[in-house]
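The structure appears below as structure tokens.
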């Protein structure tokens, strides 16, 4: 297991843009009509996305229920790649009450205990909501923080994990997941430490790691 206390971010991953520009305004185009039709047809609770794009700030804006937050999160995280969303929606529709209880508890835990919040979605190595793996449920845990710069849960996906392996020397981190809950906690703690050292929010570092090393101009 890699000793994370010795790791530091590469120079290009240290945020240089204002958080508002780099994080809050991070915008993704979404097929909102598809989401409206798919959610309405299944008679699922919550409000579907209703605009052709969503920023991170749009996703974490206060929602009247956890399902509205989930639909925004899935739409933003998927963009126009809808491959598994039918199965995700079907899984929620099969037991709405259980999904609501899980999402509500996970959202509350996300504000204080990343490891436990993560484990709620994947206890004993199985995914509670079909095809909602870490790359997506860590997005939900992140957005449940309402955009607070100190929110302890962060997005972890294949792109970020690969950047941490290849550019930050976290050699024991699997590129794809499924990562165990303790690995997610270690990840959140690592970026929180880096954020404190560099005077920024942890999600700014997640954003720069996701964007990757800028290509040299010719």
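Please give the residues of the stretch 125-147, grouped as numeric ranges, whose backbone N is less than 15 Å from a label point set 7 Å along the Cα-to-Cβ vector of residue 83. Residues 131-136 qualify, since their backbone N sits under 15 Å from the label point.
Mean projection of the Cα convex hull over all viewing directions, computed for the stretch 1-120: 9.8 nm². Of the residues 90, 58, the one with the fewest other Cβ atoms within 10 Å heads the list, and the complete ranking is 90, 58.
Based on the Cβ-Cβ distance of residue 215 and residue 5, what FRET efficiency does E = 1/(1 + (r/R0)^6) give at R0 = 22 Å, to the nearest 0.05? E(calc), rounded to 0.05, equals 0.10. Computed over the Cα atoms of the stretch 108-173, the ratio of the radius of gyration to the Kirkwood radius (Rg/Rh) comes to 0.99. Working from Cα pairs under 8 Å separated by at least six residues, relative contact order for the chain is 24 percent.
Shown here is the pair-distance distribution of the chain: with all Cα-Cα distances grouped in 10 Å bins from zero up to the longest one, the shares run 8, 35, 37, 17, 3, 0 percent. For the chain, what is the mean residue ellipticity at 222 nm derived from helices alone (per DSSP H run of n ≥ 4: -39500 (n - 2.57); sum divided by total residues; nearest 500 deg cm²/dmol)? Helix contribution divided over all residues of the chain: -15000 deg cm²/dmol. The slack between residue 97 and residue 127, meaning 0.36 nm per residue of separation minus the straight C-alpha distance, is 9.1 nm. Within the stretch 73-135, the percentage of alpha carbon pairs spaced more than 15 angstrom apart rounds to 55%.
Values in this text are rule-based calculations from the coordinates and carry no lab data. The structure presented is a predicted model; accordingly, all values stated were derived computationally and were not measured. Positions of Cβ are generated from backbone atoms using ideal geometry, with glycine treated the same way; all protein chains shown enter the neighbour counts.
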